[in-house]
1. Quick one: dipole size for region 41-143, taken about the Cα centre, charges +1 on Lys/Arg Cβ and -1 on Asp/Glu Cβ, in debye to the nearest 20.
2. Using a 1.4 angstrom probe on heavy atoms only, work out the carbon and sulfur share of the accessible area of the chain in %.
3. What percent do you get for the relative contact order of region 86-136 when only Cα pairs under 8 Å and 6+ apart count?
4. Quick check on the chain: helices-only [θ] at 222 nm, where DSSP H runs of length 4 and up contribute -39,500 (n - 2.57) each and the sum goes over total residues. Nearest 500, please.
5. Which entries of K124/K227; K135/K185; K86/K207; K22/K50 show an alpha-carbon separation above 22 angstrom in the structure shown?
6. Kindly report the accessible area of the chain per residue (heavy atoms of protein chains, probe 1.4 Å, no ligands, DNA or RNA), in Å².
7. Work through the residues other than D46 whose Cβ is under 13 Å from its Cβ and net out their charges, Lys, Arg +1 and Asp, Glu -1.
8. Excluding N225 itself, what net charge comes from residues whose Cβ is under 11 Å from its Cβ, given Lys and Arg +1 and Asp and Glu -1?
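The values are calculated or read from the model by the stated rules, or taken from the named source; none is laboratory data. Note that the structure is a prediction, hence the values are computed from the model and not measured. Cβ: placed from backbone, ideal geometry, glycine included. Neighbour counts: every protein chain shown. The area values use the complete protein model at the heavy-atom level, side chains included, leaving out ligands, DNA and RNA. Shrake-Rupley method; radii C 1.70, N 1.55, O 1.52, S 1.80 Å.
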Amino acid sequence: MIIIKSEYDVQQIKKAAEIWKKVRTALIKNCRVGVSLNDLDGMARDIIAKNDATCSFYQYNGFSKHICISINDQIIHGIPNDYQIKENDLITFDVGVTYNNHVCDAAFTINMNPDNQDNENISKATYEALMNAIKIAKAGNYIGDISNEIERTANQYGYEVIRDYGGHGCGNKIHEAPLILNYGKQHTGTKLVNNMTLCIEPMLFTKNNKYYIDKKNNWTVIASNHKQTCHWEHMILIKDDTPEILTL
């Protein structure tokens with residue numbers, strides 16, 4: 001069921017988003033070569049707790065850590081461990097914050113070496129796909145319009161989108177309807193109305209979109225060709241003309 005948010009819901013989601021932004025600031029500041037993913041996971045956990053909130057992903061369907069950190073060929077659902085960041089890593093942080101029973105969920109990517117053109121290109125293309133999709137995510141348009149724009153932008157730059165995962169409604173629960181795939185037909189699917197809150201999240205592969213799930217943890221989605229992947233995500237509030245990006 002799609003949940004149209006009340007004004008109270010929107011206010012609480014925005015408070016969760018403000019905490020999410022604090023976590024993002026700290027992760028960007030402390031994401032350095034030699035730092036372990038476990039250290040960054042613990043930092044996110046502590047910031048969220050100090051702001052009277054909880055980590056939305058912790059123990060969600062058995063997820064063992066507090067945020068997702070996906071490196072290079074890991075496109076989503078990376079589980080933090082003792083791995084230490086390296087100079088040429090492309091790192092996606094996916095963070096969920098629950099405040100007063102309301103949720104903010106979004107992801108951002110850091111390129112540890114801006115001179116690494118492969119990393120820079122796929123990150124820019126993924127972010128452009130995200131922002132292009134957000135531009136048309138306004139009341140009266142359709143979920144298919146968002147999905148179509150993500151794939152169109154990805155293909156324009158020579159990348160492939162993931163087929164089996166996507167964005168989603170969010171706010172009162174971590175995952176709500178509707179599902180927002182990275183591909184689709186224009187003018188199809190759910191019609192957007194005011195006060196929907198959606199997570200739009202392009203996930204791009206290099207060369208092809210084949211993947212497997214890491215058997216060691218049954219979570220992490222990894223590109224079969226082990227080439228670079230990327231994931232960006234914003235949470236938005238649907239309005240008549242211009243959607244409000246809650247995690248900008």
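1. That gives a dipole near 460 debye.
2. 48
3. Normalised by residue count, the contact order of region 86-136 is 31 percent.
4. Value at 222 nm, helices only, nearest 500: -9500 deg cm²/dmol.
5. K86/K207
6. 45
7. Net charge in that neighbourhood comes out at 0.
8. The answer is +1.
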